[in-house]
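Where a number appears in this text, it was derived from the coordinates with a stated rule and is not lab data. Bear in mind the structure is a predicted one, so any value in this text is a computation, not a measurement. Cβ: placed from backbone, ideal geometry, glycine included. Neighbour counts: every protein chain shown.
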Amino acid sequence: MIGNPTALLLGSVLFLLLLLLARRGAAAREISSRSDVPLFDDEASLDPCPPEFVTRIFSSIDWDFVTCTKSRELQKLFRRERKLVALVWVHQTSRAIRRIMREHTEATRQSHDLHFATEIKLVAMYAELMLICGMLLLAIQSAGPQRVGGLAGYAQTLSQRLAQAQQDFKVVTTGRHFHRAGSA
Amino acid sequence: MTVTFKLVPVQAAYDDLLKRSLSKISCDLARLIYLGSTRDYNTGTYHHDGLAARFQPDAAGKALEIAHRQIFYQLSAYSLEQLVDQLQMYLECSHESPADILRLWQKLEPYRVAIPVEVNPAVARLFLSNIRLALAIWRFRQEQEQPPKHP
């Protein structure tokens, strides 16, 4: 039996997850219907977004510049345009994260000496990133990209760490594989 | 050895391109438009007769491709204010009427073809969005400068 507060908490978490899933689907539809640039299905050729552009997308400098014009039309256009760019970035980041984890899962299947702690750490990092991406989708659509620059920067850093961890894992397992092949 | 053999002509062609062609163009936006125009619409390969004559055609094509991508990222990193300045410079240096260019750019968005092929989609989207905004801001400024019409 679980108490009322626990049930309430579980219910809230479940509701939030369902909301995130629904918003993610809606955001993806919005991007594909309104974005000018195709979302590039060929993930392998995806050039990662340089960090300085993440800062630019979520920066308030351009918004301040547009505000100075005192034109409501321009402000409206800016909000719409920058929101879409931010959504494209979130979509792209979450795809890159999923691709990294897919590659990692493939690599772990062929590896014989996995480190439990490292695996747990990677899965936790992945879960955190996916949650942040979901939160970013909600926040961008409700508050605008300028309010979530810190969170976007954190997601960028964390996704780079995840990519690096997977790269390190690949290097180590490939090294061991060659070592075994050489010994045999 | 092979790598050096291949890289040196590309580097030399790139330096030559910067020195002879790109340095004579007034602003980065005009450089991007120029470099985009050297790319074949059907094949995506870059051609420049003068550069290909001085270097190997492959090296010339590669140098153009590198320069195109570099100028694209440089321009995409500009703030909106800097981009409006770039647009202003581009329009001032053009031999056509700025109002006509503005109308055409807003209608047909020809700057879309100036995006290099292999660039990050979010950066490409940021570039398109910023150009669209810069055009709207420039138009707004022009309208503000015009004296109000009396009936």
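Between the residues A:Leu87, A:His104, A:Val123, the greatest Cα displacement towards the positive end of the dipole of the stretch A:48-183, with unit charges on the Cβ of Lys, Arg, Asp and Glu, is found for A:Leu87. Modelled label positions at A:Gln167 and B:Ser26, each set 7 Å beyond Cα in the direction of Cβ, lie 4.2 nm from each other. Put in line by how crowded their Cβ is, counting other Cβ atoms within 10 Å and starting with the fewest, B:Leu91, B:Leu83, B:Leu108 read B:Leu108, B:Leu91, B:Leu83. Backbone N atoms of the stretch A:126-164 closer than 16 Å to the 7 Å Cα→Cβ label point of A:Gln75 belong to residues A:143-147.
Please order B:Val117, A:Val88 by the number of other Cβ within 10 Å, starting at the fewest.
Details: B:Val117 11, A:Val88 28.
If I rank by nearby Cβ atoms, fewest first, I get B:Val117, A:Val88.
Each residue in A:Trp63, B:Trp138 was given a count of other beta-carbon atoms within 10 angstrom of its own, and listing them fewest first yields A:Trp63, B:Trp138.
3J(HN,Hα) along the stretch A:131-139: 5, 4, 4, x, 5, 5, 4, 5, 5 Hz, from the Karplus curve 6.51 cos²θ - 1.76 cosθ + 1.60 with θ = phi - 60°, whole Hz, x for Gly and Pro.
Computed over neighbours whose Cβ is under 11 Å from that of A:Phe78, the net charge equals +3, Lys and Arg +1, Asp and Glu -1.
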